[in-house]
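Derivation of every value follows stated rules applied to the coordinates shown; laboratory data play no part. What you see is a predicted model, and the numbers here were worked out from it, not measured in a lab. Heads up, the Cβs are rebuilt from the backbone with ideal geometry, glycines too, and the neighbour counts pull from every protein chain shown.
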Amino acid sequence: MVTVVDAYNFLKDYSSRDQLAARGESMGEGDERTVVDLLIEQIEFCDVIVLNKTDLVNADEIRQLHSILGGLSPRARIEHSSFGQVPLGKIMETGLFNFEEAQQAPGWLKELRGEHVPESEEYGIRSFVYRARRPFNPQRLWHWLHSNWPGVVRSKGYFWIASRPAYCVNWSQAGAVTRHELAGYWWAATPKSYWPQDSESLAHINSRFSGEFGDRQQEIVIIGINMDKSALSAAFDQCLLTDSEMAMGMPGWRALPDPFPAWGAEREATPEAETAW
C-alpha cells in the first residue's frame, strides 16, 4: 500500500481538530472522523510513504516529518518527491505488502509488544509504555488527558477508572485529536460462564491476571519527539488512586467525581461480575 503525504501541509493537518465533513471529504452522514483520523488510517498500515512537495519545506521540517511518520509506521519506506515525481519502481510491484505484517505494523503496537525500533531514534523519536495496576482517579485523569503533553505525537492503549471498575476503556490520541471509548469488560469483571473454554484462550487470560485487580491495568503506549519520559510517567502516576483513596474500596470509588461521558451501551456490572472482583 502506498500513501502520499503532502509535506507542505502535513504538520498543519496533524495538529488540526477539523472534521472531514468540514472539508467536504466525509463518507456521508454519520462519518465523524477527523482529518487526523484519516491521516492515521492511511499511514499506520502502508508499506511506502511518498513524501511529496519536499521542495517547499526546510531541513528541520523534513526531520520532524520523518520523526512523526517513522513513529506511526516504522516498517514503511519513505520516498521523497517534488511535483509528484517519483520513479515507478519505488512504488509499483515493490513486493513489500504482507497482510499479517500490515496488521502488526503500527508503531504503538510494536512498542506494546516490546519490539523497540532503534532506527527511529535517528530522528529524535522515542517511545515507551506506561503500565500500572492501580485504577485512575477519574477526575484527575480527565484533566490530564485533556492537557498538553509536550513532545507527544501519538498515544494509544487501555485504561480503567475507579468509578467504573468493570470497564476496559480504549484511549487513542494523534496530534491534537483525542478519543476514549468503551473497549469491553475486563475478564476479572466477567462471570466465568462467559469465558472461552479452550485452553489457549484461558492461558492467555490467566497470563494477564496479577494480584487483586485481575487483568485490570493501565497500558498506554506513548510515542513522541524529544519528550520527557520521567515527567510524563510522573503525571500519569499522579492520576492513580492514592493510598487513602484505595482504602475507600469499590463502594467508595463509585462515588468519586467522574466527568467522563457514558461510553456506548454501558450497563451496571452484574452481581456475578462484582463477585469476580
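Summing charges over all other residues whose Cβ lies under 9 Å from the Cβ of residue 51, with Lys and Arg as +1 and Asp and Glu as -1, gives -1. Going by neighbour counts of Cβ atoms within 10 Å, the residues 194, 14 line up, fewest first, as 194, 14. Only bridges with both residues in region 121-267 count here: give the DSSP antiparallel percent, nearest 5. Antiparallel: roughly 95 percent of the beta bridges in region 121-267.
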